[in-house]
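Student: Before I ask anything, here is the structure I am working with.
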Amino acid sequence: MKQIGIALIGCGAISSVHLKAISEIPTAKLVAVVDTNAELAAQTAEAYQCRYYTDYLEMLKNPDIDVVHICTAHYLHAPMAVDALNAGKHVLTEKPMAETKEAAITMLHAAEANPNVQLGVIFQNRYNPASILMKQTVDSGELGKLLCLKGIVTWCRDASYYQTEWKGKWATEGGGVLINQSIHTLDLLQWIGGEVSSVKGTMSTDSLEGIIEVEDTVHAHLTYQNGATAVFYATNSYGVNSPPEIELVFEKGKLVLAGDTLYRVVDGEQSILTSPEATNLGAKSYWGISHGTQIADFYDHLLHNRSYGLNGPEGFKAFNLVMDIYESSRSGKRISYQ
Ligand SMILES: NC(=O)c1ccc[n+]([C@@H]2O[C@H](COP(=O)([O-])OP(=O)(O)OC[C@H]3O[C@@H](n4cnc5c(N)ncnc54)[C@H](O)[C@@H]3O)[C@@H](O)[C@H]2O)c1
């Protein structure tokens, strides 16, 4: 069986979720990991039986590497992705695409300029069974027209979480709870709800004032081309990490995602569509369980020379909304796309 050679850049918190998933995919072979922290890179290479580099540009010269996973700080995604694409490697980058729109656009241009390789963006929660069912219910029209959507993320990140050199700063993280934690839920609202026609947002720093530069709380109102509307609220100031909540209200009923269980309510009768999934990925439950599914799907597209759907332009949609919510919050004005 043909195997694709993989390298991963950034051996920090999320890397083990990628590395475990890669190790379980028979068509993939982990060739190398990269981290500027040589000790961490060496330890990770030993644990996963591969070689290591401390300079990703050196790694990109290795002809055995076909795909590069980017698991570094947000401000490093764009330069690393552009270098990897220009070196003829496929790229799977962690969300968000970058820390500014300009940086993300350099990735889109590099992908366009290198049509022989593909750029994929991690939004693993699109692969959760509940997300797929919500999308199918909207697209099939079985509950009638979608009227409104609600997305709520209430998580806990205290000062200790921000004791890293890149988090909590506009220049390196690109924002706070919106760009980092709740971009997944915003992505689901835009993916499930259809083309967004306008957005208005408001952000504040509530519990982490004086500790971080960026926002720890945000809310937004979205309108869609199909006439639906959405409200969105996210905070890192809650006391625990609650599972994200989503509600979709249709003409003939509603879907409610609560505590990882998807309920369907029609004529006052409630039924359960999906129950919480067990995960053996070692992922924190609130990160979602589907990294392995997305990574396997990306490789499958590469092996069969098919265009991957969650590509740069698709990954840019939620990222663009994030950036526009920040802009709207600063200007106090709604941003319209028509
Ligand atoms: N999809 C999800 O649910 C999810 C969950 C957690 C994190 N993430 C994303 O994963 C990415 C990484 O987050 P994290 O929490 O693992 O970060 P982290 O800070 O724990 O790890 C980043 C690693 O990159 C290394 N690094 C820094 N500069 C480097 C360079 N020039 N070359 C190679 N390595 C370098 C650091 O030494 C560190 O080990 C972020 O984009 C984050 O948003 C996604």
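The values are calculated or read from the model by the stated rules, or taken from the named source; none is laboratory data. As the structure is a computational prediction, the values presented were derived from the model and not from experiment. Glycine gets a Cβ as well: all are built from the backbone with ideal geometry, and neighbour counts include every protein chain shown. All accessible areas refer to the heavy atoms of the entire protein, side chains included, with ligands and DNA or RNA removed. Shrake-Rupley method; radii C 1.70, N 1.55, O 1.52, S 1.80 Å.
Student: What percent does the relative contact order of the chain come to when contacts are Cα pairs within less than 8 Å and at least six residues apart?
Tutor: Dividing the mean separation by the residue count of the chain yields 19 percent.
Student: Quick one: Debye curve from the alpha-carbon atoms of the range 83-208 only, equal weights, vacuum; give me log10 I(q)/I(0) at q = 0.12, 0.16, 0.18, 0.22 Å⁻¹ to two decimals.
Tutor: -0.63, -1.03, -1.18, -1.33
Student: What is the angle, in °, between the Cα long axis of helix 129-140 and the longest principal axis of the Cα atoms in the chain? Nearest 10 is fine, range 0 to 90.
Tutor: The two axes meet at around 50 degrees.
Student: Related question: Give the relative contact order (percent, whole number) for the range 4-123; include only Cα pairs under 8 Å separated by 6+ residues.
Tutor: 23
Student: Provide, for q = 0.15, 0.16, 0.21 Å⁻¹, the log10 of I(q)/I(0) from a solvent-free Debye sum over equal Cα point scatterers in the range 4-123.
Tutor: Log10 of I(q)/I(0), two decimals: -0.59, -0.67, -1.17.
Student: Counting only heavy atoms of protein chains, what accessible area per residue, in Å², does the chain have with a probe of 1.4 Å?
Tutor: Accessible area per residue: 43 Å².
Student: Averaging sequence separations of C-alpha pairs under 8 Å and six or more residues apart, then dividing by the length of the range 173-272, give the relative contact order as a whole percent.
Tutor: 19
Student: Using alpha carbons only, how many degrees (0 to 90, rounded to 10) separate the axis of helix 38-48 from the longest principal axis of the chain?
Tutor: 80
Student: Just by accessible area at a 1.4 angstrom probe, what is the order of T54, T137 from largest to smallest?
Tutor: T54, T137
Student: Taking the chain on its own, what percent of its Cα-Cα pair distances exceed 39 Å?
Tutor: 12
Student: Separate question: Once the Cα atoms of helix 101-113 and of the chain are each reduced to a long axis, what angle between those two axes, in degrees from 0 to 90 to the nearest 10, is obtained?
Tutor: 60
Student: Which order do you get for H304, H18 if you rank them by accessible area with a 1.4 Å probe, largest at the top?
Tutor: In descending accessible area the options line up as H304, H18.
Student: Here is a further query. Under the classification rounded if a/c is under 1.5, otherwise prolate if a/b is larger than b/c and oblate if not, where does the range 105-161 fall, given a ≥ b ≥ c as square roots of the Cα gyration tensor eigenvalues?
Tutor: oblate
Student: Something else about it: How large is the convex hull of the C-alpha atoms of the range 157-245 per residue, in Å³?
Tutor: 95
Student: State the percentage of accessible surface on the chain attributable to carbon and sulfur atoms; use a 1.4 Å probe and exclude ligands, DNA and RNA.
Tutor: 51
Student: Would you mind counting up the charge near D158? Only other residues with Cβ under 15 Å from its Cβ, with Lys and Arg at +1 and Asp and Glu at -1.
Tutor: Computed value for this residue: -1.
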